[in-house]
């Protein structure tokens, strides 16, 4: 039960990720290349960059202490990683995506890659345990009231 609730939370967060661009065949190939080429050490860089960047949001800035020097260092590491992925590891898929699907295709590929990197973190036991702590504050009784009764369509409005 806990695992399925956690999965729903992760899927909800991932689906909330901006979807400004739709992936095409070339963007799909590019995102697959980016994922294949990203090492576990690279994943750590991506997660650290995402955390340091999200910590700039005024709503959470007081909860994270990322110095300017730390942010600069992680930006340099992330910049080197992205450059290496694009220029060395996945240069042909990058060129094809830009040629046939434009910048929107490349953006879609990077969004898919970022979602993948962040869901890898979400699978770590410490993160799952932390996210699972939310369950103690969810009113399952109220959630159960949303489950449609047998014979009623969950998409029906109740009026005909």
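The values are calculated or read from the model by the stated rules, or taken from the named source; none is laboratory data. Every value quoted in this text rests on a predicted model; they were computed, and no experiment measured them. Virtual Cβ from ideal backbone geometry, glycine too; neighbours counted across all protein chains shown.
Is it fair to say residue 47 is part of a helix (DSSP H, G or I), on the phi < 0 side of the Ramachandran plot and exposed (fewer than 15 other Cβ atoms within 10 Å of the Cβ)? Against the criterion (part of a helix (DSSP H, G or I), on the phi < 0 side of the Ramachandran plot and exposed (fewer than 15 other Cβ atoms within 10 Å of the Cβ)), residue 47 does not qualify.
Residues in the range 57-97 that are without any contact (Cβ under 8 Å) to a residue 60 or more places away in the chain and assigned to a loop (DSSP other than H, G, I, E, B): 57, 58, 59, 60, 64, 65, 66, 67.
Results for (1) loosely packed, with under 12 Cβ neighbours inside 10 Å; (2) at pLDDT below 90, shown as yes or no for each residue.
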{"residue": "83", "(1), (2)": "yes, no"}
{"residue": "110", "(1), (2)": "no, no"}
{"residue": "113", "(1), (2)": "no, no"}
{"residue": "147", "(1), (2)": "yes, yes"}
{"residue": "151", "(1), (2)": "yes, yes"}
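Hey, does the range 6-19 have a residue that's at pLDDT below 95, under 30 Å from residue 140 (Cβ atoms), touching a helix residue (DSSP H, G or I) at 6+ places or on another chain (Cβ under 7 Å) and crowded, with 19+ Cβ neighbours inside 10 Å? The answer is yes; a qualifying residue exists.
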